[in-house]
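Bear in mind these aren't lab numbers, they're just calculated from the coordinates by the rules spelled out. Please read these numbers as outputs of a predicted model, since none were measured by experiment. Cβ placement follows ideal geometry from the backbone for every residue including glycine, while neighbour counts extend to all protein chains displayed.
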DNA sequence: TAGTGGTCTAGACCACAAA
DNA sequence: TTGTGGTCTAGACCACTAA
């Protein structure tokens, strides 16, 4: 074991998680390129001196994340970036649109503080009336309206957040850098609704046009609710993709 | 091994998948209720005479699907149905509705053979004009229309499939038992559309009501396209849930 | 035929919860 | 202290791919 060895057997972190982090970093840092073959499982267990179960557990996590794929008899390969990550990972609108081949844009429609209404307080596990920061943004793709996002943040966790410019910098980066708030997980619901007059006008659609409506609660690593997000996507422009197991 | 033993060691299906199917069915059929503790891992491996790795692989799949959760030192429990995922596994309408607390029902609206139109042929990787079995079903929840499913099967893979009764038996079970066709993976798209006059009438909705529209191609273990499915869910009754990582 | 990932076995020790 | 799930080892045989 030396400084270059990424596997520390005296750490509290399980070996497979250490290996997962190590491989993930090597992939995202460009050490391996999409389509490249990873070392075989035997090479990995030799190199890191762990059992095959550890190697496979680490690779399983990378597979379920869509970063790599396996082919029996051939090997394990770095995946080509796809469009389907919107249903597995929390992805910023900017990255999402770039992957879809659009130029993203943002207009802040409204931003302010308000006391939490009971429905939202319940989702965020706070008392009704606690202070929320509400940010309403219009999202553009190639200059055309694509979605409206209404974000509700627990203000106590990010006081003064409204002073930042949400048109310029992703909200998630502001939360991470300024408030050390990281989104570890999120739960969301997806349904089809009809556009109200107000939504239709802002999205440049006829009244009652179908919208893909997503409500999402995001949680910190300690399972503390951070944000309640409502997104209204134009039904004629926005499509979700994903892959299922049988 | 006897007729009641759900684990068949001579089957091509891996043991952990057989165990997964068995446990999943027991949960969705109500054999265990939300909050109930499942047998411990040791009890399961004793009872089914498999190794612990097999038991854990089956349980892992149920966990990632949100059907069960584990607590170290306490046990493994059936999840409460607030945590639903139609976005990870291909799930039968019947199981899906039961998990949501509805009584499922099915009416076959139409069934017949037709030459594949070019759009569908492309999705199924066959030549335009090849024979397709088309099955159109109305899905009911507590007796009320919930969804319309239009299924297109490559008839060469399941000749005579139209002779079976799709109102009584899940299509997937017919394919598995009669044709040894297993769905291993699937890719789908999700969008919001407005109901046409015909869809609206069948779903008992006003014209142009918002629908959640899902198109799915299902693949065999050899990555052979088996089925092209179109599902129209009532926007006011059907909601997808899932969990994301940060 | 050689090498890959897929599945499976039979153990072991650990951290944690409950009695 | 007992029993749970979490992690890990060191093997084994299989199905599949490619040479």
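Below, the figures for the structure above:
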| quantity | calculated |
| --- | --- |
| Label-point separation, residue A:223 to residue B:179 (7 Å along Cα→Cβ), nm | 4.4 |
| Angle between chain A longest axis and helix A:52-64 axis [Cα atoms, degrees, rounded to 10] | 30 |
| Residue with peak Gaussian network fluctuation, chain A [Cα springs, cutoff 10 Å], from A:29, A:156, A:79 | A:29 |
| Relative contact order %, the range A:122-246, counting alpha carbon pairs below 8 Å whose residues are six or more apart | 26 |
| Listed residues A:76, A:103, A:13, most fluctuating in chain A (Gaussian network, C-alpha, under 10 Å) | A:13 |
| Across the identical copies, how the residue B:167 labels are spaced - nm, sorted shortest first, 7 Å along Cα→Cβ | 5.9 |
| Chain B, relative contact order in percent, only Cα pairs under 8 angstrom and at least six apart counted | 14 |
| 10 Å Cβ neighbours from other chains, averaged over peptide B:211-218 | 3 |
| Size-normalised alpha-carbon gyration radius of chain B, reference 2.2 N^0.38 Å | 1.08 |
| Distance in nm between pseudo-label sites at residue A:169 and residue A:80 (7 Å out along the Cβ direction from Cα) | 3.6 |
| Quotient of Cα Rg and 2.2 N^0.38 Å for the range A:141-246, N being how many residues it contains | 1.22 |
| Average silhouette area of the protein assembly as shown, convex hull of alpha-carbon atoms, in square nanometres | 26.2 |
| Simple label model, 7 Å out from Cα along Cβ direction - residue B:49 to residue A:28, nm | 4.7 |
| Label 7 Å beyond Cα on the Cβ vector: residue A:12 copy-to-copy distances, nm | 4.8 |
| Length added when fully stretched, residue B:10-residue B:144, from 0.36 nm per residue minus Cα-Cα | 44.0 nm |
| B:87, A:113, B:205 arranged by Cβ crowding within 10 Å, fewest neighbours leading | A:113, B:205, B:87 |
| Whether the range A:1-140 is rounded, prolate or oblate, judged on the alpha carbon gyration tensor where a/c under 1.5 counts as rounded | prolate |
| Calculated FRET efficiency for the pair residue A:109/residue A:63, C-beta based, R₀ 45 Å, to 0.05 | 0.70 |
| Value at 222 nm in deg cm²/dmol, rounded to 500, when DSSP H runs of n ≥ 4 in chain A each add -39,500 (n - 2.57) | -7500 deg cm²/dmol |
| Relative contact order computed over the range B:65-167 (Cα-Cα under 8 Å; 6+ residues apart), in percent | 20 |
| Inter-chain Cβ neighbour average for residues B:233-239, partner chain, 10 Å | 4 |
